[in-house]
Amino acid sequence: MMVPMTPEIESVRMRLQSILSEVEQASSRGENVSIQLLHEMHATTRFLHESGFVIETVQKGSKLIVEVEPLLPVNEYEWTA
């Protein structure tokens, strides 16, 4: 289930999707990926994680799709002996 995102988070998700497409294209042509692109991908991923989102890359047909979901809080349990 996709949760609505703010325009800023959706924009970042779309940029990460674009970076992934660039990496796929470069790989399919046997080209190297620029270090700047890898740095941007890392920074974008870090921003999403720090903003409380989980990122998942899913293959749909022949395309890889970036899905971003809010990190769900973990319920704490009291453990008794």
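The values are calculated or read from the model by the stated rules, or taken from the named source; none is laboratory data. Predicted model, so just to flag it, every value in this text is computed and none were measured. Here Cβ is always computed from backbone atoms with ideal geometry, including for glycine, and neighbour counts include all displayed protein chains.
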Scan the stretch 40-61 and give yes if some residue there is exposed (fewer than 11 other Cβ atoms within 10 Å of the Cβ), assigned to a strand (DSSP E or B) and more than 14 Å from the chain's Cα centre (by Cα), otherwise no. yes
Pairs returned, first residue in the stretch 32-59 that is aromatic (Phe, Trp, Tyr), second residue that is assigned to a helix (DSSP H, G or I), beta-carbon separation under 7 angstrom, 6 or more apart or interchain, are 47/12; 53/9
When you scan the stretch 57-66, how many residues do you find that are in contact with a helix residue (DSSP H, G or I) (Cβ under 8 Å, 6 or more places away or on another chain) and at pLDDT 80 or above? 3
Could you check how many residues of the stretch 1-20 are farther than 19 Å from residue 71 by Cβ and either in contact (Cβ under 8 Å) with a residue 24 or more places away in the chain or part of a strand (DSSP E or B) (or both)? 4
Is the stretch 30-49 home to any residue that is under 19 Å from residue 9 (Cα atoms) and charged (D, E, K, R)? yes
